[in-house]
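Below is one structure, written out as structure tokens, with a few remarks after it.
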Amino acid sequence: MLEAFVSRLVAWSERRAVLLVILSLLLTVTAGAFTARHLGMDTDTANMISPDLPWRKELAHFNTLFPQNTGLLVVMIDGKTPDAAEDAAAALFAKIQTRKDLFATARRADGGPYFEKYGLLFLPVDQVQKIADAVIEAQPFIGSLTQDPSLRGLFDVFSLAMDGIIQKAASVDRLEKPLSAISGTLSDALSGGRQAMSWQTLLLDRPTEPRDLRRLILTQPNRDFAALKPGAAATGFIRESIKELGLTPDTGVSVRLTGPVALNDDEFATVAEGMGWALIISTVLVLLWLFMALRSVKLILATFVTLIVGLILTFAFATLAVGKLNLISVAFAVMFIGLSIDFGIQFGVRYGQEKLEGGLAGALVRTGTAMARPLTLAAIAIAVGFAAFIPTDYRGVSELGKIATGGMAITLVLNLTLLPALLALFKPKVLAGELGFAWGRAADTWLVRHRRSVLVFWAVLALAGLGLSPRLEFDFHPLHLKDPKVESMAAILDLMKDPIRSPYAIEIVAKDAASADALKEKLSKLREVYAVISASSFVPKDQEAKLAILQDLQLLMGVTLEPVTTKPAPTTDEIRASLKQCAAKLREALPSSDKAQQLARLLDQAAGADPSLYPELQRMLVDGLMPRMKMLASALTAESVSLDTLPDEIKSQWVAADGEMRLTVMPKGDSNDSAVLANFVNAVRSVAPEATGPAVQIYESGRAVTKAFQIASLTAVIAIAVLLVVILRRPRDVIYVMLPLLLTALGTIVVCVSFGLKLDFANIIALPLLLGIGVAFDIYFVVNWRRGITNPLSTSTARAVLFSALTTGSSFGSLAMSSHPGTARMGLLLLIALGMLLVVIFAFMPVLMGKPPSDARQA
């Protein structure tokens, strides 16, 4: 019945060729216009997993209580000095706050008014005392400069200091660091450098820690999820602001954007770029293999036109079925080329054979009759392989399953209607000669002669695959799918070196402060935990002793830090005079000091320089002082702080409106390591089963995807087996189709484990593709075998399968060349699986099937 129906359909298409081509053209144009107008992109990766899963609901509840932690664009500011980092962060934060239209929220993660006022209280008591002593010692210096914050004031102070040394009323020891710092900065300025001097380092007199050199601004941009880069407007504004403020490496500042928004935007841009090149490369290679397979320009043109029409119609189907493409489903275009062209090659090669053997008359109908069963079976098998993933919780591949299922139906219909119509109109010539492979007979003979050895080889490979299968890992870490060279990835990898700033924390909600403190104590004892942060973390310890030190310092320094009057700005001549005077005093006071004499020479050089240099010298040497004085003055007004008196901008991040308390648990070790992250999640959940947050989201996403593929793969195998039993009606035939698939899977496992290739969120879609393509290729050989065809490798079917595999492999191989690691690994695994499948079909199936059955009907 199937053969009869298809032969009539092909005959009708041949008779109505012109009408069918015109209708197809109109439908294609309409579908293309519809797709261009309505197909969108969903670049929110959170939507790729079903929201109905329990852990997704827990995460949604947490995000409802603390919404300021979702959709973050992180601005990471690194400075060569603490001053440079802080001043850049303050300036950029002020700019961001002016654009409420671009940013829903913005906050300083490690700065701002609260930390300016209470930051010193978080240091140990002895360190607070050391800072107070250093400030008191520098009081005369600070007092003079706050009254005259200029180049004149700076070097007049040093001239007075030199007088003290000349009169032996002061020691040179405490001037060593300032002299060295000023000398270095002045030398840098005279040679064209722009790095400002760090007053904080000088005044606090303590080693600079890596955290002192970095500031973070956390923003929630208003995103457009219909765009390829939803956060583009916000990131564009920040980059423009960076240029306007001069926050560049030559000024000692570098600014990078990272966080979920930047990572997703960069990833989709990389994927889109990779897919664009993949489509171009794939198309060129497909045309090359088509020419080698079909050896007729008209035949190639008809096949290629059918492919393009099918691709456009499938895009339209995707628009209707899902409306928006995601990171996974966007790959269907490249895959469709490889899968769809297989049907065209099979039909085209068979058509050439029919013309050679039976003449032009009736060749199309005979081709349709011969290809009805294998093409239909192949299309249905591929569709079933993908359809099994539609009901899974992994929406990314579920939507791909919908699109691919519809695409297979579309390409089957087109290859049985539009392709015959085009061939009827084009009337392609077929080169004389056998369409099979000349070497095929020798290969068939060799395989039969060495059948036992070949079967032993494949049995050993299968056992190796079974033994290695437990070692095939699933890498659930999303960062491993991203390009480490892009700014957002490089920044987050750098950020993760500091455990307290790892983005992969665990979030827990406790019912009240007492519960939070008890839970915090338990969690802090876990070896997998680096730190636990809660609202109480923002309440300093030993406040009484520290406040006493600061109050004493306030009594001594209050007037000094906030002078009643300041001198007017100096003239150029006054600056020159001050520079010359200081140089002379240095030579007189410290004649044997190399540092002093070097600074004297630099001062003379600056005094004789063009006056346009002085504003830059003012910025580099003096302007950084007053912000430090302002911060110090604020710190000296600190008061006792408690959980209840925390300011709203801090409290709202850690205490919900209903009194529930947030705890953030930071992982110990490398959170970029999947094993570390898994152990961290399991350890914290042993204490707090309701834990949620990014680390749990990543871990559970991996489990959800793995489970989805296990269930879907088993469902697909069973469904395909049942389908084959119904259509082929012989258990042995079903085994001949399914056994090579199992062997291909085991062989692929051997290759993956041997070369360290892991499964991940992207390349795991090789499983349904392997099922679909494998069944399609196997069916062609089994149907021929059932018809009584001997020497399968010398037939036109073998030629069609080889070139179909080459075209499909070209599509997958083009993905492997993508700059996006996830896409590249997906293409690589697909290529490995396809290569293994081809080897199994050519080197195992002829040996497995043996001679055709005695009741076979020769085609």
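The values are calculated or read from the model by the stated rules, or taken from the named source; none is laboratory data. Bear in mind that the values here come from a model prediction, so they are computed numbers and not experimental data. FYI the Cβ positions are ideal-geometry reconstructions off the backbone, even for glycines, and counts take in every protein chain you see.
When the range 95-114 is examined, which residues are found to be outside any strand (DSSP E or B) and modelled with pLDDT of 90 or more?
Residues satisfying the conditions are LYS95, ILE96, GLN97, THR98, ARG99, LYS100, ASP101, LEU102, TYR114.
Are there any pairs, at least 6 apart or on different chains, whose C-beta atoms fall under 7 Å, with the first in the range 701-715 and in contact (Cβ under 8 Å) with a residue 24 or more places away in the chain and the second assigned to a helix (DSSP H, G or I), and if so, which?
VAL705/ILE764; PHE709/ILE764; PHE709/LEU767; SER713/LEU767
Which members of the range 687-700 meet the condition of being touching a residue at least 60 places away in the same chain (Cβ under 8 Å) and either of a type outside the set (Asp, Glu) or buried (at least 19 other Cβ atoms within 10 Å of the Cβ) (or both)?
Of everything in the range 687-700, those that are touching a residue at least 60 places away in the same chain (Cβ under 8 Å) and either of a type outside the set (Asp, Glu) or buried (at least 19 other Cβ atoms within 10 Å of the Cβ) (or both) turn out to be VAL687, ALA688, ALA691, THR692, GLY693, PRO694, ALA695, VAL696, GLN697, ILE698, TYR699, GLU700.
Return the residues of the range 1-25 that are closer than 15 Å to LEU412 by Cβ, within 48 Å of the chain's Cα centre (by Cα) and exposed (fewer than 15 other Cβ atoms within 10 Å of the Cβ); say none if nothing qualifies.
The one that is closer than 15 Å to LEU412 by Cβ, within 48 Å of the chain's Cα centre (by Cα) and exposed (fewer than 15 other Cβ atoms within 10 Å of the Cβ): LEU2.
Yes/no matrix, rows are residues, columns are (1) in the same structural domain as PRO821 (by TED's automatic domain parsing); (2) surrounded by fewer than 16 Cβ atoms within 10 Å (Cβ to Cβ):
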{"site": "ASN415", "(1), (2)": "yes, no"}
{"site": "LEU418", "(1), (2)": "yes, no"}
{"site": "ALA443", "(1), (2)": "no, no"}
{"site": "ARG452", "(1), (2)": "no, yes"}
{"site": "ALA459", "(1), (2)": "no, yes"}
{"site": "GLY465", "(1), (2)": "no, no"}
{"site": "PHE476", "(1), (2)": "no, no"}
{"site": "LYS497", "(1), (2)": "no, yes"}
{"site": "ILE500", "(1), (2)": "no, yes"}
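For every residue, the table says whether it meets (1) part of a helix (DSSP H, G or I); (2) modelled with pLDDT under 95; (3) of a type in the set (A, V, I, L, M).
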position: VAL6; (1), (2), (3): yes, yes, yes
position: TRP12; (1), (2), (3): yes, no, no
position: VAL18; (1), (2), (3): yes, no, yes
position: LEU23; (1), (2), (3): yes, no, yes
position: LEU27; (1), (2), (3): yes, no, yes
position: ALA33; (1), (2), (3): yes, no, yes
position: ALA36; (1), (2), (3): yes, yes, yes
position: ALA46; (1), (2), (3): yes, yes, yes
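List the number of the failed condition for ILE749; all other conditions in (1) surrounded by fewer than 18 Cβ atoms within 10 Å (Cβ to Cβ); (2) under 27 Å from the mean Cα position of the chain (by Cα) hold.
(1)
Consider LEU92 carefully, then state whether it is assigned to a helix (DSSP H, G or I) and in the same structural domain as LEU247 (by TED's automatic domain parsing).
Yes; evaluated as a whole, the condition is true for this residue.
Could you list, in sequence order, all residues of the range 385-395 that are assigned to a helix (DSSP H, G or I) and surrounded by fewer than 24 Cβ atoms within 10 Å (Cβ to Cβ)?
Answer for the range 385-395, where residues must be assigned to a helix (DSSP H, G or I) and surrounded by fewer than 24 Cβ atoms within 10 Å (Cβ to Cβ): ALA387, ARG395.
Condition check: touching a residue at least 60 places away in the same chain (Cβ under 8 Å), within 26 Å of ALA657 (Cα to Cα) and among the β-branched types (Val, Ile, Thr). Does VAL74 satisfy that?
yes
Mind telling me which of the residues ILE312, ILE328, ILE308, ILE281 ends up being outside the structural domain of HIS820 (by TED's automatic domain parsing), farther than 16 Å from PHE803 by Cα and among the aliphatic types (A, V, I, L, M)?
ILE281
Taking only the range 545-576 into account, find how many residues are β-branched (Val, Ile, Thr), assigned to a loop (DSSP other than H, G, I, E, B) and within 21 Å of ILE142 (Cβ to Cβ).
Final tally of qualifying residues: 3.
Checking the structure you have, find out if any residue of the range 355-370 is of a type in the set (Val, Ile, Thr) and under 43 Å from the mean Cα position of the chain (by Cα).
There is no residue in the range 355-370 that is of a type in the set (Val, Ile, Thr) and under 43 Å from the mean Cα position of the chain (by Cα).
Restricting attention to the range 290-329, and to residues there that are in contact with a Phe, Trp or Tyr (Cβ under 9 Å, 6 or more places away or on another chain) and among the basic types (Lys, Arg), which single residue is surrounded by the most Cβ atoms within 10 Å (Cβ to Cβ)?
Looking at residues that are in contact with a Phe, Trp or Tyr (Cβ under 9 Å, 6 or more places away or on another chain) and among the basic types (Lys, Arg), I get LYS324.
Collect the residues in the range 42-101 that are surrounded by fewer than 17 Cβ atoms within 10 Å (Cβ to Cβ), over 21 Å from VAL261 (Cβ atoms) and not aliphatic (A, V, I, L, M), keeping them in residue-number order.
Across the range 42-101, the qualifying residues are SER50, ASP52, PRO54, LYS57, HIS61.
Please tell me if VAL413 is hydrophobic (A, V, I, L, M, F, W, C), within 30 Å of LEU9 (Cα to Cα) and in a helix (DSSP H, G or I).
So VAL413 passes the test.
Assess whether GLN710 counts as being surrounded by fewer than 16 Cβ atoms within 10 Å (Cβ to Cβ) and closer than 21 Å to ILE49 by Cβ.
Yes: the conditions hold for GLN710.
Quick one: which residue in PHE426, PHE538 is surrounded by 14 or more Cβ atoms within 10 Å (Cβ to Cβ) and farther than 26 Å from PRO210 by Cβ?
Result of the check over PHE426, PHE538: PHE426.
Considering only residues that are in a helix (DSSP H, G or I) and out of contact with any Asp or Glu (no Cβ under 8 Å at 6 or more places or on another chain), which ones fall in the range 482-501?
ALA490, ALA491, ILE492, LEU493, ASP494, LEU495, PRO499, ILE500, ARG501 - these are the residues of the range 482-501 that are in a helix (DSSP H, G or I) and out of contact with any Asp or Glu (no Cβ under 8 Å at 6 or more places or on another chain).
Considering only residues that are under 30 Å from LEU123 (Cα atoms) and in contact with a Ser or Thr (Cβ under 6 Å, 6 or more places away or on another chain), which ones fall in the range 159-200?
Correct list: MET197, SER198.
From the list LEU320, LEU325, which one is without any contact (Cβ under 8 Å) to a residue 12 or more places away in the chain and under 43 Å from the mean Cα position of the chain (by Cα)?
Exactly one of LEU320, LEU325 is without any contact (Cβ under 8 Å) to a residue 12 or more places away in the chain and under 43 Å from the mean Cα position of the chain (by Cα), namely LEU320.
Just checking, how many residues over the range 215-247 are touching a strand residue (DSSP E or B) at 6+ places or on another chain (Cβ under 8 Å) and hydroxyl-bearing (Ser, Thr, Tyr)?
The qualifying residues number 2.
Do you know which residues across the range 399-418 are over 11 Å from GLY310 (Cβ atoms) and free of Cβ contacts under 8 Å to residues at least 60 places away in the same chain?
Listed by number, the list holds a single entry, THR405.
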